[in-house]
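Enquirer: Below you'll find the structure I mean.
The values are calculated or read from the model by the stated rules, or taken from the named source; none is laboratory data. None of these values were measured; they are calculated from a predicted model. We place every Cβ from the backbone using ideal geometry, glycine too, and count neighbours over all the protein chains shown. Surface accessibility is based on the protein's heavy atoms, side chains included, excluding ligands, DNA and RNA. Shrake-Rupley method; radii C 1.70, N 1.55, O 1.52, S 1.80 Å.
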Amino acid sequence: EPEVTQTPSHQVTQMGQEVILRCVPISNHLYFYWYRQILGQKVEFLVSFYNNEISEKSEIFDDQFSVERPDGSNFTLKIRSTKLEDSAMYFCASSRGGRGNTIYFGEGSWLTVV
Amino acid sequence: GIQVEQSPPDLILQEGANSTLRCNFSDSVNNLQWFHQNPWGQLINLFYIPSGTKQNGRLSATTVATERYSLLYISSSQTTDSGVYFCAVGKRRDDKIIFGKGTRLHILP
């Protein structure tokens, strides 16, 4: 069964450093998402991406964050100047269509900022 | 934005027991998904069920869209069912889904 893959599975970074989290969505999917989950809390929406542009973003997704689809298969989340409170599990997800379609999640990238 | 409330927040059961988890939402939806988050943090798709009833082995789910709630049933619980169960919904005009806070289920041997 096709799946969303994410790398790295775990990254530790110094406060103030830039981090890039990578995702390979399911191959025939057109809609891509990033979510995050702070330890012990609920899963929060960050951003959705379609047709090579951001279609929606949450209040969390400020100028510190950016997304990119650099080629036909990868989808990346860049976090600039990381802060301690950016420590969380980051999930990439994809769906074949938009509204009303099943969204499939990757296994997550656990980011620890020290 | 849409509100998603899950109950109960925590549930402790003996192995073999049955359980019902509830998800209430505040607006019309065209996407509702149930997930199981295992101890390693992975989000496992259980059901895509914006309306109607589905069954998969010991798990089944029912969504009554007109009354804005969904139920997840787990029968004959096993210790491997432990973890957090999330309901997530998508409004009619949205591509994204919004998660509830989850129900943490502990199955005791």
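Enquirer: Test residue A:12 against the stated conditions and say whether it is open to solvent by less than 60 Å² (accessible area, probe 1.4 Å), more than 25 Å from residue B:103 (Cα to Cα) and either out of contact with any helix residue (DSSP H, G or I) (no Cβ under 7 Å at 6 or more places or on another chain) or among the polar types (S, T, N, Q) (or both). Break it down stepwise before answering.
Expert: Numbers: open to solvent by less than 60 Å² (accessible area, probe 1.4 Å): no; more than 25 Å from residue B:103 (Cα to Cα): yes; either out of contact with any helix residue (DSSP H, G or I) (no Cβ under 7 Å at 6 or more places or on another chain) or among the polar types (S, T, N, Q) (or both): yes.
No, not satisfied.
Enquirer: Name the residues in segment A:65-76 that are assigned to a strand (DSSP E or B) and either touching a residue at least 60 places away in the same chain (Cβ under 8 Å) or open to solvent by 30 Å² or more (accessible area, probe 1.4 Å) (or both), would you? Before the answer, list the steps.
Expert: We begin by selecting, within segment A:65-76, every residue assigned to a strand (DSSP E or B); these are A:65-68, A:75-76.
Within segment A:65-76, A:66, A:68 qualify.
Enquirer: Sticking with this structure for a sec: Look at segment A:77-96 and say how many of its residues are in contact with a strand residue (DSSP E or B) (Cβ under 7 Å, 6 or more places away or on another chain) and either surrounded by fewer than 18 Cβ atoms within 10 Å (Cβ to Cβ) or in a loop (DSSP other than H, G, I, E, B) (or both). First the steps, then the outcome.
Expert: Quick first cut of segment A:77-96, residues in contact with a strand residue (DSSP E or B) (Cβ under 7 Å, 6 or more places away or on another chain) only: A:77-79, A:82-84, A:86-95.
After this cut, where a residue has to be either surrounded by fewer than 18 Cβ atoms within 10 Å (Cβ to Cβ) or in a loop (DSSP other than H, G, I, E, B) (or both) as well, the list is A:78, A:82-84, A:87.
Count: 5.
Enquirer: What residue, of B:72, B:105, is buried (at least 22 other Cβ atoms within 10 Å of the Cβ), modelled with pLDDT of 95 or more, over 20 Å from residue A:106 (Cβ atoms) and more than 10 Å from chain A (Cβ to nearest Cβ)? Working first, answer last.
Expert: Values: B:105 fails: buried (at least 22 other Cβ atoms within 10 Å of the Cβ).
Unique residue meeting the criteria: B:72.
Enquirer: Might you check whether a residue that is over 20 Å from residue A:3 (Cα atoms), within 13 Å of another protein chain (Cβ to nearest Cβ), touching a strand residue (DSSP E or B) at 6+ places or on another chain (Cβ under 8 Å) and in a strand (DSSP E or B) occurs anywhere in segment B:32-53?
Expert: no
Enquirer: Select from segment A:23-34 the residues that are away from chain B (no Cβ under 11 Å), open to solvent by 20 Å² or more (accessible area, probe 1.4 Å) and of a type outside the set (Val, Ile, Thr) and list them in ascending order.
Expert: If we filter segment A:23-34 for residues that are away from chain B (no Cβ under 11 Å), which is where we start, we get A:23-29.
Subsequent filtering for residues that are open to solvent by 20 Å² or more (accessible area, probe 1.4 Å) retains A:24, A:27-28.
Passing the criteria: A:27, A:28.
Enquirer: Pairs needed: first member in segment B:77-91, more than 19 Å from residue A:104 (Cα to Cα); second member anywhere, of a type in the set (Gly, Ala, Ser); C-beta distance under 7 Å; at least 6 residues apart or different chains.
Expert: Correct list of pairs: B:77/B:16; B:77/B:17; B:77/B:19.
Enquirer: Right, another one. Of all residues in segment A:35-48, which are over 16 Å from residue B:90 (Cβ atoms) and surrounded by 14 or more Cβ atoms within 10 Å (Cβ to Cβ)?
Expert: Within segment A:35-48, the first condition is being over 16 Å from residue B:90 (Cβ atoms), and the residues that meet it are A:36-41.
Result: A:36, A:37.
Enquirer: Could you please let me know if residue A:60 is in a loop (DSSP other than H, G, I, E, B), open to solvent by less than 50 Å² (accessible area, probe 1.4 Å), more than 17 Å from residue B:98 (Cα to Cα) and within 14 Å of chain B (Cβ to nearest Cβ)?
Expert: On the way: in a loop (DSSP other than H, G, I, E, B): yes; open to solvent by less than 50 Å² (accessible area, probe 1.4 Å): yes; more than 17 Å from residue B:98 (Cα to Cα): no; within 14 Å of chain B (Cβ to nearest Cβ): yes.
Judged against the criteria, residue A:60 is not a match.
Enquirer: Looking at B:27, B:95, B:10, which one is open to solvent by 20 Å² or more (accessible area, probe 1.4 Å) and free of Cβ contacts under 8 Å to residues at least 24 places away in the same chain?
Expert: Values: B:27 fails: free of Cβ contacts under 8 Å to residues at least 24 places away in the same chain; B:10 fails: free of Cβ contacts under 8 Å to residues at least 24 places away in the same chain.
Step by step, each of B:27, B:95, B:10 is checked, and only B:95 is open to solvent by 20 Å² or more (accessible area, probe 1.4 Å) and free of Cβ contacts under 8 Å to residues at least 24 places away in the same chain.
Enquirer: Moving on to the next point. Restricting to segment B:56-77, count the residues that are touching a strand residue (DSSP E or B) at 6+ places or on another chain (Cβ under 8 Å) and closer than 18 Å to residue B:35 by Cβ.
Expert: Count: 14.
Enquirer: Do we find that residue B:60 is open to solvent by 40 Å² or more (accessible area, probe 1.4 Å), small (Gly, Ala, Ser) and modelled with pLDDT of 95 or more in this structure? Quick ask: steps written out before the conclusion?
Expert: Values: open to solvent by 40 Å² or more (accessible area, probe 1.4 Å): no; small (Gly, Ala, Ser): yes; modelled with pLDDT of 95 or more: yes.
Judged against the criteria, residue B:60 is not a match.
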